[in-house]
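Engineer: Structure in structure tokens, see below.
The values are calculated or read from the model by the stated rules, or taken from the named source; none is laboratory data. Owing to the predicted nature of the structure, the values given are computational and were not obtained by experimental measurement. Here the Cβ is made from the backbone with ideal geometry for all residues, glycine too, and neighbour counts use every protein chain on show.
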Amino acid sequence: MEAEPTPTIRHPPRVTRVTGRGRVMIQSRPRRHPLYAALTATADAGGDAGDVQWNFEKFLLTPDGTIAARFRPRTEPYSQEVVAAIEAVLPG
């Protein structure tokens, strides 16, 4: 008795690939996701903008989506600097 062939199931993609630092080449030139480009254009407290240094870098957004602050990886999430920045953008 011959086994039935396993049907091929094609699933639609569930996520879209996002290019962070521009390593994926699209049309022969690097391309960054617009959100990543906006975040990396934001300067930190020292006035430095640029690529994310490490995966613990933090960005604070206002309720309307404006980038309010950027904190480098060594800044602790519960530091007074981060807490004050969060409290400053809270409504009310």
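Engineer: Restricting the first residue to the range 53-82 and requiring it to be within 15 Å of T42 (Cβ to Cβ) and free of Cβ contacts under 8 Å to residues at least 40 places away in the same chain, which pairs with a second residue that is in a strand (DSSP E or B) and of a type in the set (V, I, T) meet a Cβ separation below 7 Å and a spacing of at least six or different chains?
Structural biologist: Short answer, once both residue conditions are applied: F59/I67; L61/I67.
Engineer: Does the range 31-46 include one or more residues that are over 27 Å from V82 (Cα atoms), in a loop (DSSP other than H, G, I, E, B) and modelled with pLDDT under 60?
Structural biologist: No: the range 31-46 contains no residue that is over 27 Å from V82 (Cα atoms), in a loop (DSSP other than H, G, I, E, B) and modelled with pLDDT under 60.
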